[in-house]
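Accompanying notes for the structure given below.
The values are calculated or read from the model by the stated rules, or taken from the named source; none is laboratory data. Every value quoted in this text rests on a predicted model; they were computed, and no experiment measured them. Because the Cβ atoms are built from the backbone with ideal geometry, glycine has one as well, and the counts that use them run over all protein chains shown.
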Amino acid sequence: MKKTFAILAAAILSAALLTSGKPVDKRQVTFVTSIECKKCVEKVRENMSFEKGVEDLEVTLDDQTVKITYNTAKTDTTKLGAAIRKLGYTAKVVKDTPTPASKRP
């Protein structure tokens, strides 16, 4: 059992070392939505934070926007917009820009 654990730990560590330092392609997209209340903001924030590839999320009630920084290797604007619509809100892309490449921690 100890040997199996040691092999598994070594494999995980090796994988982490191999992927560290590689640039991650990120983009930031802003959607105009139909959110109308604080409960809507909470619903979107809670659900979208679990979407694959979402790295940062800002939901603003005043201008009814959802700003998402995401990993392009894991998702895209079409999938993110669909996830917002699945929650019952409209989602129109108003801005989609690349962010500077960064390194994984």
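So the values come out like this:
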item: Residue selected from the range 17-33 under the condition in a loop (DSSP other than H, G, I, E, B) and exposed (fewer than 12 other Cβ atoms within 10 Å of the Cβ), by the criterion modelled with the lowest pLDDT; result: Ser20
item: Selection count where residues are surrounded by 15 or more Cβ atoms within 10 Å (Cβ to Cβ) and among the acidic types (Asp, Glu), scope the range 56-75; result: 0
item: Hey, Ile7 among the β-branched types (Val, Ile, Thr), in a helix (DSSP H, G or I) and at pLDDT below 95 or not; result: yes
item: Residue ranges of strands (runs of 3 or more DSSP E) in the range 34-105 with at least 2 members in contact (Cβ under 8 Å) with a residue 40 or more places away in the chain, over 17 Å from Val24 (Cβ atoms) and not small (Gly, Ala, Ser); result: 91-98
